[in-house]
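To start, the structure itself, in structure tokens.
We did not get these values from a lab; they are worked out from the coordinates using the rules stated. Quick caveat: nothing in here was measured; it's all calculated off a predicted structure. No Cβ is skipped: glycine too gets one built from the backbone with ideal geometry, and neighbour counts run over all protein chains shown.
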Amino acid sequence: MSQSGKLMPNLDQKSTKLLNLTVLQRIDPSVEEILITAAHVTFYEFNIELSQWSRKDVEGSLFVVKRNKQPRFQFIVMNRRNT
């Protein structure tokens, strides 16, 4: 357990990658491999007229994956803010 009292999983890097691959394959069965991950990303949109950034309703873990059909590569964000 961590200091906050929450149970923390004790997974090594290989187990974590396999678990993430399983979750991604439920969303897209064509995913065959995770190439790159980022623990947290947030999307912003730039308004040229106002020269201003605005935050979008997308934030979570980013995966760059290889697929067994077209498109062969894809970005997937496991969005925590919205389905």
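Please work out which option in [x] 1.37; [y] 1.09; [z] 1.14 gives Cα Rg over 2.2 N^0.38 Å calculated from these coordinates, and answer with its label.
[x]
For Val31, what is the net charge nearby, where nearby means another residue's Cβ is under 13 Å from its Cβ and Lys, Arg count +1, Asp, Glu -1?
Within the 13 Å Cβ shell, the charges total +3.
Taking 7 Å along the Cα-to-C-beta vector as the label spot, tell me the Glu45-Asn68 distance in nanometres, rounded to one decimal.
Each label point is offset 7 Å from its Cα along the Cβ direction, giving 3.6 nm.
Going by amide H atoms built from the backbone, whose H comes under 5 Å of the H on Arg81, apart from near neighbours?
Glu59
For the chain, what does -39500 (n - 2.57) per DSSP helix run (n ≥ 4), summed and divided by total residues, give at 222 nm, in deg cm²/dmol to the nearest 500?
Mean residue ellipticity, 222 nm, calculated: -6000 deg cm²/dmol.
Which whole-Hz ³J(HN,Hα) couplings does the range 52-67 yield from phi under the Karplus relation 6.51 cos²θ - 1.76 cosθ + 1.60, θ = phi - 60°, glycine and proline marked x?
Residue by residue, the range 52-67 yields 9, 8, 10, 6, 8, 8, 10, 7, x, 7, 10, 10, 9, 10, 9, 10 Hz.
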